[in-house]
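To keep things clear, I will list the structure first and then write my remarks on it.
The values are calculated or read from the model by the stated rules, or taken from the named source; none is laboratory data. Owing to the predicted nature of the structure, the values given are computational and were not obtained by experimental measurement. Here the Cβ positions follow ideal geometry from the backbone for every residue, glycine too, while neighbour counts run over all protein chains shown.
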Amino acid sequence: AQTVTQSQPEMSVQEAETVTLSCTYDTSESDYYLFWYKQPPSRQMILVIRQEAYKQQNATENRFSVNFQKAAKSFSLKISDSQLGDAAMYFCAGTDSNYQLIWGAGTKLIIKP
Amino acid sequence: KAGVTQTPRYLIKTRGQQVTLSCSPISGHRSVSWYQQTPGQGLQFLFEYFSETQRNKGNFPGRFSGRQFSNSRSEMNVSTLELGDSALYLCASSLLAGQGEAFFGQGTRLTVV
């Protein structure tokens, strides 16, 4: 069975600084997808970034980038130039053999002005 | 293009009652997945529907059921409600089944008293 582990229940960062959120995805699958989703207080889950496991190049979306280390099962999210609007719960998720999402417990990100 | 719409946003029900939640996916999306989110268990997959057929089901009792209509709108039903069913129920739509990448609605907050 696949497991997603987010070991940081809460992180805080000064506005405009850079923060990295950690995630590990333990799976025996060779073909899978990894995602970071953001859930602000409005509760709507918003896709931040997606990574295909077969791609060696790390995904980047504006201020958001990932560091995917397949052998180490590590999938961290780096947020550069943090903004107040980045404050939210961040969930790491991976697809299982049926391509359903398996979720981590989440990391609460606090942005300090 | 309109996003995923879930109705109602909030519900309060009494133990033993049943409830039906509705989800309208993004136009053109044929896959709808449902998730339960609680503070204790986190996000858990309930089921996925594609072209009116249940494609996958999570590890939930038979009291949880769903269906999908020809216009891709989906409903989930919970019968004989228990206090532990209190949760945020999230619906997600995807263009195709099993793609992992999903677009979420704002959820229905169900409280069972």
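Miscellaneous remarks
- Being more than 24 Å from A:TYR33 (Cα to Cα), more than 12 Å from every other protein chain (Cβ to nearest Cβ) and surrounded by fewer than 18 Cβ atoms within 10 Å (Cβ to Cβ) is a property that does not hold for B:VAL78.
- Residue in segment A:54-61 that is among the aromatic types (Phe, Trp, Tyr) and either away from chain B (no Cβ under 14 Å) or under 12 Å from the mean Cα position of the chain (by Cα) (or both) present: no
- Residue in segment B:71-81 that is over 14 Å from B:GLN6 (Cβ atoms), modelled with pLDDT of 95 or more and acidic (Asp, Glu) present: no
- Total residues in segment B:13-71, condition surrounded by fewer than 19 Cβ atoms within 10 Å (Cβ to Cβ), within 14 Å of chain A (Cβ to nearest Cβ) and of a type in the set (Gly, Ala, Ser): 3
- Counting only strands (runs of 3 or more DSSP E) that sit wholly inside segment B:1-98, those with at least 1 residues that are of a type in the set (A, V, I, L, M) are B:10-13, B:19-24, B:31-38, B:42-50, B:74-78, B:87-94.
- Taking segment A:16-63 as the range and being surrounded by 17 or more Cβ atoms within 10 Å (Cβ to Cβ), polar (S, T, N, Q) and assigned to a strand (DSSP E or B) as the test, the residues that pass are A:THR24, A:GLN39, A:GLN51.
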